[in-house]
Amino acid sequence: MLQSAFFLNDDLSFNHVHFEVNFPKIELNFEKKNIKPTEAIKIAIDNALKNEKPYQELIKIFDTFGYLLAQKYILGQKLYNSCVPLQKISSIDNQLEIEELFENYPSKLDDMLKKHGFDTSYLISMNGEAVKINDVEKWLNEHSKLLQVISRSELLPVYEIFDESTSYKIQSILGIDNQKRIKRILMTGIVQIIKNTKYYHIDFPSNLESCNYHIFAKIIRHTNEELIDTVDKTVVKIYSKNKTGFLAAIENINEIKNIDPADLQIMWILVGFPDEINFYSVHTRELSVLSVEDQNITLEDNKKSILINVPKELPRNSIMTLSFEYPLFRNNLEIQDGKIELNIDYFSSKNGASSEDVMSENDKSGDVESESDESEDEDSEYVIKYPCIFASDNEFIEADISTSKCKKKLI
């Protein structure tokens, strides 16, 4: 059977028309389970996954080896032509199938091409050869055994042909999870606190591609290699975020003046999209971000609790990190004791409670980090930012940037 097809965009502002005639001979189908990566691409992928800029390296690999693989191929011959119609077309037949073996073919084809303004004297082969309309039958007989791929379908991403573990790592770096783009913990760091020093500038190991990231920071007390305590009486504010680094400032620094500064560090994590930032630490790829959301809140005198939405079926080993963005124009804003106190209560579904029962109340100190960027919602006094994560099997995660004798940190 000979198949003729027109391709015309529904948007009539695009009036370039493509016409092709397919002569299918053989259909090849491949099962996904039987498609295996070559040794060359496996080595390239393995090296890319070990790189601190894995996204960029993966794109280079896909540019070389391809992004998609077809599971279905049609072999045969194809002739085509294209033109800009002499007048706008209101309707067009998408496909015409000619059952007859060339008996009525020349006249039908000629009428079709003339109708849409094509040059009716020739068509073009896949090798760029001009074939006269009247010679199509002769050309086809001469080339019927020289089969070429004329159609590919049932496409799948290249990363799906790798083993499950490698495929997951690639998807994580590309920022997709079940075709959904999600944020990741891309970088971590520890900054050693110096006595009576409020400001600390952190430089990234390499320039980032974007400033669209968020920093969560907290002061910790590192008494020894096995024990870490958080210091809740102080807050870390983040200023001057850019592609090369950021500035961290310790508020209420007098609260830690009686603690040996050698035992104090600022622990921080950077959250963003791997494809935008183009940096993804090899130490944090086993950590999964369950949610990153913004929540506008307005503090009221009679407001005793804040309800925070969290993902359903939140794992028991989840850690919630909070930060606050507040508008600078609220000069008359008064917060008791200069801080917001939060208490996180988690009720397991086994006890008959759902994920909606996770509450945040003004009863216990829970300051994690305060960022000085102005809120986009002028009706809100604060914006809560929080990602919910669950830690990997390793209790300690090695920091990417460390100015401390403590080279590892607890997530």
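Against the condition within 14 Å of VAL191 (Cβ to Cβ), among the aliphatic types (A, V, I, L, M) and touching a Lys or Arg at 6+ places or on another chain (Cβ under 8 Å), how does ILE259 come out, does it pass? Talk me through it step by step, then tell me what you get.
Values: within 14 Å of VAL191 (Cβ to Cβ): no; among the aliphatic types (A, V, I, L, M): yes; touching a Lys or Arg at 6+ places or on another chain (Cβ under 8 Å): yes.
So ILE259 does not fit the description; no.
Which residue, of ILE133, ILE161, ILE173, ILE124, is farther than 30 Å from ASP263 by Cα, outside the structural domain of PRO24 (by TED's automatic domain parsing) and at pLDDT below 90?
On the way: ILE133 fails: outside the structural domain of PRO24 (by TED's automatic domain parsing); ILE161 fails: at pLDDT below 90; ILE124 fails: outside the structural domain of PRO24 (by TED's automatic domain parsing).
Among ILE133, ILE161, ILE173, ILE124, only ILE173 is farther than 30 Å from ASP263 by Cα, outside the structural domain of PRO24 (by TED's automatic domain parsing) and at pLDDT below 90.
Being part of a loop (DSSP other than H, G, I, E, B) and in contact with a helix residue (DSSP H, G or I) (Cβ under 7 Å, 6 or more places away or on another chain), is that true of even one residue in the stretch 118-136? Before the answer, list the steps.
Taking the stretch 118-136 first, the residues part of a loop (DSSP other than H, G, I, E, B) are 118-121, 126-129.
Pick out the ones that are also in contact with a helix residue (DSSP H, G or I) (Cβ under 7 Å, 6 or more places away or on another chain) and you get 120-121.
Yes, the stretch 118-136 has at least one match.
Does the stretch 222-232 contain at least one residue that is in contact with a Gly (Cβ under 6 Å, 6 or more places away or on another chain) and farther than 18 Å from ASP400 by Cα?
Of all residues in the stretch 222-232, those in contact with a Gly (Cβ under 6 Å, 6 or more places away or on another chain) come to none.
Looking for residues that are in contact with a Gly (Cβ under 6 Å, 6 or more places away or on another chain) and farther than 18 Å from ASP400 by Cα, one finds none in the stretch 222-232, hence no.
For TYR159, only one of the following conditions fails: (1) in a strand (DSSP E or B); (2) crowded, with 19+ Cβ neighbours inside 10 Å. What is its number?
It is condition (1) that TYR159 fails.
Out of (1) at pLDDT 90 or above; (2) farther than 30 Å from GLN171 by Cβ, what's the single condition that is false for GLU251?
Checking GLU251 against (1) at pLDDT 90 or above; (2) farther than 30 Å from GLN171 by Cβ, the one that fails is (1).
Restricted to the stretch 137-150, and to residues that are in contact with a Lys or Arg (Cβ under 8 Å, 6 or more places away or on another chain) and not in a loop (DSSP other than H, G, I, E, B), which residue is nearest to CYS83 (Cα to Cα)? Walk me through how you get there before you give the answer.
Residues of the stretch 137-150 in contact with a Lys or Arg (Cβ under 8 Å, 6 or more places away or on another chain): 144, 147-148, 150.
Keeping just the survivors that are not in a loop (DSSP other than H, G, I, E, B) gives 148, 150.
Details: GLN148: 24, ILE150: 21 Å.
It comes out as ILE150.
Hey, does the stretch 244-264 have a residue that's over 25 Å from the mean Cα position of the chain (by Cα), assigned by TED's automatic domain parsing to the domain that holds ASN196 and among the hydroxyl-bearing types (Ser, Thr, Tyr)?
Taking the stretch 244-264 first, the residues over 25 Å from the mean Cα position of the chain (by Cα) are 247-264.
Then keep just the ones that are assigned by TED's automatic domain parsing to the domain that holds ASN196; that gives 247-264.
Of the ones still in play, those that are also among the hydroxyl-bearing types (Ser, Thr, Tyr) are none.
Looking for residues that are over 25 Å from the mean Cα position of the chain (by Cα), assigned by TED's automatic domain parsing to the domain that holds ASN196 and among the hydroxyl-bearing types (Ser, Thr, Tyr), one finds none in the stretch 244-264, hence no.
Could you please let me know if LEU156 is hydrophobic (A, V, I, L, M, F, W, C) and either within 40 Å of the chain's Cα centre (by Cα) or within 30 Å of THR321 (Cβ to Cβ) (or both)?
Details: hydrophobic (A, V, I, L, M, F, W, C): yes; either within 40 Å of the chain's Cα centre (by Cα) or within 30 Å of THR321 (Cβ to Cβ) (or both): yes.
Judged against the criteria, LEU156 is a match.
Regarding SER107, is this residue of a type in the set (Ser, Thr, Tyr), assigned by TED's automatic domain parsing to the domain that holds LYS42, at pLDDT below 90 and in contact with a Phe, Trp or Tyr (Cβ under 9 Å, 6 or more places away or on another chain)? Give the derivation first.
On the way: of a type in the set (Ser, Thr, Tyr): yes; assigned by TED's automatic domain parsing to the domain that holds LYS42: yes; at pLDDT below 90: yes; in contact with a Phe, Trp or Tyr (Cβ under 9 Å, 6 or more places away or on another chain): no.
Taking the combined requirement at face value, the residue does not satisfy it.
Given the conditions (1) more than 30 Å from LYS257 (Cα to Cα); (2) among the aliphatic types (A, V, I, L, M); (3) in the same structural domain as PRO261 (by TED's automatic domain parsing), which single one is not true for ILE194?
With (1) more than 30 Å from LYS257 (Cα to Cα); (2) among the aliphatic types (A, V, I, L, M); (3) in the same structural domain as PRO261 (by TED's automatic domain parsing) applied to ILE194, the lone miss is (1).
The values are calculated or read from the model by the stated rules, or taken from the named source; none is laboratory data. This one's a predicted model, so the numbers in the text were calculated from it and none came from an experiment. Here the Cβ is made from the backbone with ideal geometry for all residues, glycine too, and neighbour counts use every protein chain on show.
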